[in-house]
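Okay, so here's the structure we're looking at.
The values are calculated or read from the model by the stated rules, or taken from the named source; none is laboratory data. Fair warning: this is a prediction, and the values are worked out from it, not measured in the lab. Virtual Cβ from ideal backbone geometry, glycine too; neighbours counted across all protein chains shown. The protein model used for the area step is the full one, side chains on, heavy atoms only, and it has no ligands, DNA or RNA in it. Shrake-Rupley method; radii C 1.70, N 1.55, O 1.52, S 1.80 Å.
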Amino acid sequence: MGTKTVDETGADTGAEARNDDESVKGTDVTKEDAAREETATPAGDSVETDGADPSDEAGEFDEEFPPATAKATPGVGQGAAGIVSVVLGLVSLTGGWVGTVASAREEITGQLEMQAATNATVATQLQAVYGDAWQASALWGGVFALVGLIVGVAVLVRPAFGDPDQVQAPWIKSVAWAGVSVGFIGLVLAALKYSDLLLALPKT
């Protein structure tokens with residue numbers, strides 16, 4: 001009763017063989033599908049990397065080529081001060097509104113003094129009306145020249161008190177030297193005008 005016949009044994013063997021064939025075929029189909037998926041996936045879309053960190057590469061690029069916004073702009077204040085020095089020197093030579101107002105004020109004051117005076121000489125009248133006004137204009141011109149000269153010298157000596165590795169731009173030195181030169185000329189002319197050595201009042 002518990003013994004299988006030859007036909008039953010053969011049938012079981014055939015069924016097992018069919019199951020093995022189907023499992024082998026299924027495995028082959030699975031491998032073929034995986035191979036097709038790998039072929040269809042572009043190399044650029046792979047999520048795997050070779051171990052390099054993008055942030056490290058970005059840091060190396062920034063060190064080799066730093067962005068323009070990160071660069072410091074040393075010397076901007078020195079250049080501006082040099083230009084101011086030149087402008088002040090030019091004002092001392094050509095005259096500014098401060099010197100003009102001071103000169104006009106001294107002239108008006110001299111006229112009022114002469115109206116109140118009765119026995120003033122011609123030399124006194126010239127000095128009160130024109131001489132004082134001329135000297136006031138020369139005085140303010142000298143003030144502008146002196147300030148411009150000091151600013152120019154300060155720009156030239158600034159690198160000695162700053163970062164020794166920072167080199168002053170050539171154009172800043174040129175502008176500062178121009179300011180010093182113009183300021184010195186204006187200061188000399190102001191001194192000559194104030195002391196009546198240049199274009200003095202006529203003798204009476």
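For the reader, a short list of remarks on this structure follows.
- Within segment 142-163, the set of residues being open to solvent by 40 Å² or more (accessible area, probe 1.4 Å) and assigned to a loop (DSSP other than H, G, I, E, B) comprises just one member, Asp163.
- Residue in segment 77-128 that is least open to solvent (accessible area, probe 1.4 Å), counting only those that are under 16 Å from Ala145 (Cβ atoms) and not in a helix (DSSP H, G or I): Gly96
- Among the residues of segment 78-109, none is identified as aromatic (Phe, Trp, Tyr) and in contact (Cβ under 8 Å) with a residue 12 or more places away in the chain.
- Answer residue from segment 164-181, given it is part of a loop (DSSP other than H, G, I, E, B) and touching a residue at least 60 places away in the same chain (Cβ under 8 Å) and is farthest from Ile83 (Cα to Cα) among those: Gln166
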